[in-house]
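Reading through the structure tokens given below for one structure.
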Amino acid sequence: MKQIKQWLQTYSLFLIFTLIIFILLEYLVRSELIPAFIIPAPTSVITSIIENWKPLFLEHLPATLLEFLIGFVIAVVGGVGLAVGMFFSKIVEKTLYPAVLISQMIPIIALSPIFVLWFGYTIWSKVAVTVLISFFPIVVGTYDGLKSSDKEYIELLRSMGATRMSIFKKLNIPMAMPSFFSGLKLAIVYALVGATIGEWLGASEGLGYYSRRMSGNLNSEGVFAAITILTLLGILMFALISLIEKRVLKWKYTD
Amino acid sequence: MTLVLKNVSYTFRNEANQKNKVISDLNMEVRNGDFVSLIGKSGTGKSTILKLITGLLKQDEGEILINGKAITLGDVGYMPQRDLLLPWRTIIENIMIASEIQKDLQITKDEARSWLDRVGLLAYENALPDQLSGGMRQRAAFLRALLTGKDLLLLDEPFGALDALTKKDMQTWLLSIWQELNKTILFITHDLEEACFLSDRILLLHLDKTLDDIPVNLSRPRHPEMLHEMELITLRHNLEKRIAHETN
Ligand SMILES: Nc1ncnc2c1ncn2[C@@H]1O[C@H](COP(=O)(O)OP(=O)(O)OP(=O)(O)O)[C@@H](O)[C@H]1O
Ligand SMILES: [Mg+2]
């Protein structure tokens, strides 16, 4: 109960704002001030979702979700692994950190056709885009977090005879958590974007594919139906990570 | 337990390779069961001496020996100037951390609890450091050093940030624990009265890097009333005069 009240306090202004925009849009479209193929009325987007729920939720959503999940897991495992490697080895850091930075400068959309060339129209071309786009915030978040341990804390543990490994476990890892989670929250949102972009470039299913097909048909309700589901999915994923974060970082959120 | 420093020197070097010789040809000895205070102006190198004894810094010249053997990391209980409690660990987890690091050190949760009780922190056993006052945190940090189980405790201004009344309480229980467990304590402070009240000897570190060894002729056990004894007041004045003329 208290949580709901707090939630309303935080988001009520935003909800009212959203509602006003929706009502305004609805009015503009219905009174034909804006043509429906430019921006559809919110109610027709909802109708479109309901009418097409079967292909949307049973075919396209699972396809996108799978690409997204595989890509995200690979990015997390690989990103954390690389960050730990760079933390322990100057050689690894010097060799790969610039490469990680440069990977971010690559316009991924331009690179994506290459993935289609490599992996064909399989799920892996989408996974590759997802990994490439969500890898960076995880590596940087984890690596910066691991490095953030105060020298004085390290000295305290060393004075007790702690080995590098036990300092890593007892100090570096917990210290890295806040920064790791910041990276993770960005990454999970990026991963969804990555999966969608991947589908644009070549796919036969998925919400990104669906929205592109609908735009080809000048069916703006259909485009926005897919976008709405993707947005809600993104919010859900973000909220999920935030929830886990609050659990793990309890010490940061209690006062 | 005897701690000996023989002709110890230490120089800090920065990135520009500028040198700052902080400790030069230092000789000192702390014997078993001693309570020794280390005083001196800010920047004379008191904390540096403690870090050398812990093994965190390695002297450029000379020897640091405990019972005739060169010191290594993990030989002493060290309480740094900041309390450095880990914010994600509860108080009891914080004070027991040494027993997680050193496999041969066995401290049970019950023992840790009874220590928390001793210093009035039992109610905060499962609290996080952020929920404690400055004085409570210092007590927890002291217990963490104590529960390393080492005979020699190095305390860097443990009561520096406390108000006068809390400080008096802490001094009293520090003395009682020291006596009960037969610990050896090397104690840094800026408070001359505190140094006189607690110590058997006072080591006064000068800016020119020389060290005076001054005995404190007060009987044991110490009581707060002794703060008004002539012996202590005279000694305090004496120390004040010796330090006052030094300039940075
Ligand atoms: N990590 C460091 N790198 C370089 N110089 C340092 C470092 N730590 C201390 N110093 C220098 O060494 C000198 C002694 O410092 P130290 O901290 O030992 O003094 P202190 O007597 O403990 O002072 P205070 O009473 O203020 O705590 C100072 O001049 C300081 O600038
Ligand atoms: Mg100091």
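At a glance:
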| item | result |
| --- | --- |
| P(r) histogram, all alpha-carbon pairs of the protein assembly as shown included - 10 Å bins from 0, percent | 4, 15, 19, 18, 13, 11, 10, 7, 4, 1 |
| Surface per residue (accessible, 1.4 Å probe) for region B:111-221, Å² | 38 Å² |
| Residue of A:Leu240, A:Leu184, A:Leu58 that the Gaussian network model of chain A assigns the largest fluctuation, springs spanning Cα pairs under 10 Å | A:Leu58 |
| Listing of region A:147-163 residues, each with accessible area lower by at least 50 Å² in the full protein assembly than in the chain alone (probe 1.4 Å) | A:Glu152, A:Tyr153, A:Glu155, A:Leu156, A:Arg158, A:Ser159, A:Met160 |
| For chain A, built as a Gaussian network whose Cα springs stay under 10 Å, the top-fluctuating residue of A:Trp200, A:Trp53, A:Trp124 | A:Trp53 |
| Chain-alone versus full-assembly comparison, region A:235-255, residues with accessible loss of at least 10 Å² (1.4 Å probe) | A:Trp251, A:Thr254, A:Asp255 |
| Viscosity 1.567 mPa s, 4 °C: Kirkwood-radius Stokes-Einstein D of region B:65-201 over Cα pairs, µm²/s | 84 µm²/s |
| Rounded Å value of the spacing that divides the Cα centres of region A:233-255 and region B:82-110 | 27 Å |
| Shape of region B:176-248, Cα gyration tensor, a/c cut at 1.5 | oblate |
| Compactness index (Cα Rg / 2.2 N^0.38 Å), region B:86-149 | 1.00 |
| Residue of B:Asn126, B:Asn238, B:Asn17 that the Gaussian network model of chain B assigns the largest fluctuation, springs spanning Cα pairs under 10 Å | B:Asn17 |
| Distant-in-sequence amide H partners of B:Leu38 (H built 1.01 Å from N, under 5 Å) | B:Phe187, B:Ile188, B:Thr189, B:Leu203 |
| Accessible area expressed per residue, chain A, with surrounding protein chains retained (probe 1.4 Å, Å²) | 57 Å² |
| Largest-first principal axis extents of the Cα set of region A:83-205 (Å) | 60, 27, 21 |
| Vicinal HN-Hα couplings computed from phi for region A:152-164 (Karplus, 6.51 cos²θ - 1.76 cosθ + 1.60; Hz; Gly/Pro x) | 5, 5, 4, 4, 4, 5, 5, 4, 8, x, 5, 7, 4 |
| Residues in region B:60-76 occluded by at least 40 Å² - accessible area, probe radius 1.4 Å, against chain by itself | B:Leu73 |
| Antiparallel DSSP beta bridges within the protein assembly as shown, percent to nearest 5 | 55 percent |
| B:Ser114 - accessible surface, heavy atoms, 1.4 Å probe, Å² rounded to 10 | 60 Å² |
| Separation of alpha-carbon centers, region B:160-208 and region A:172-197, rounded to whole Å | 49 Å |
| Region B:171-177 - phi-based ³J(HN,Hα) in whole Hz, Karplus 6.51/-1.76/1.60, Gly and Pro as x | 4, 4, 6, 4, 4, 5, 5 |
| Scaled radius of gyration (Cα, divided by 2.2 N^0.38 Å) that chain B gives | 1.02 |
| Region B:131-247 - share of DSSP beta bridges that are antiparallel (%, nearest 5) | 50 percent |
| Given A:Lys170/B:Lys21; A:Lys90/A:Lys246; A:Lys94/A:Lys246; B:Lys103/B:Lys150; B:Lys58/B:Lys241; A:Lys147/B:Lys46, the pairs whose alpha carbons are separated by over 25 Å | A:Lys170/B:Lys21; A:Lys90/A:Lys246; A:Lys94/A:Lys246; B:Lys58/B:Lys241; A:Lys147/B:Lys46 |
| Accessible surface buried upon B-A contact (total; probe 1.4 Å; Å², nearest 100) | 2000 Å² |
| Isotropic mean projected area of the C-alpha convex hull, region A:44-253 (nm²) | 13.7 nm² |
| Region B:86-149 - percent of accessible surface contributed by carbon and sulfur, probe 1.4 Å | 46 percent |
| Among beta bridges that DSSP assigns inside chain B, antiparallel share in %, nearest 5 | 55 percent |
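The values are calculated or read from the model by the stated rules, or taken from the named source; none is laboratory data. Bear in mind the structure is a predicted one, so any value in this text is a computation, not a measurement. Each accessible area value is taken on the protein alone, full model and side chains, heavy atoms only, with ligands, DNA and RNA left out. Shrake-Rupley method; radii C 1.70, N 1.55, O 1.52, S 1.80 Å.
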